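Each value in this text was obtained by applying a stated rule to the coordinates, not by laboratory testing. Keep in mind that this is a model prediction, so the values were computed, not measured. With ideal geometry, Cβ positions are generated from the backbone for all residues, glycine too; neighbour counts draw on all protein chains shown.
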Amino acid sequence: MSATTHKPEVEAPIPATRTRPVVRRGAPDRPPTRRRVAGAPRVLARRVHLPGGPRLSLVWGLAAASAACAAVVGLGMLASATEPMVPSTTKVVRVLPGENLWELAERVAPSSDASAVVERIRELNGVDGVVQPGQPLTVPFSR
């Protein structure tokens, strides 16, 4: 008996409506409409490898992530370890009405840490308390 004589028995038409989902058994590469013929040679398809090189293993992926995390943490610690820069040049300015030392520090050195600039203004002028409008003060200056 050959495979051609059994063809009507092997290939059955697909019914138009199905009430239950089809559960495929056997080789996953075979279409659901064909059954395996008894005695037919079994042919396995070759696996296709995608170009792009080998994949990284889980260990190498974790090692790379750990190294990146350590680099970010190290750079963050290095950046926070530096002292706040206070401008070395000074200038005499007058206090504006309603202005305190914090606002004055932000006005004359906006790119510096305000608390460090306030401390430097207090050192330069011997000011401990409230400043008066129009009072001249020597301040660190940057623009």
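Direction-averaged projected area, Cα convex hull, segment 90-140: 2.9 nm², rounded to one decimal. What number comes out for the charge environment of VAL130, summing +1 per Lys or Arg and -1 per Asp or Glu over other residues with Cβ under 13 Å away? It works out to a net charge of -2. In this label model, ALA38 and LEU62 are separated by 5.2 nm, measuring between points 7 Å along each Cα→Cβ vector.
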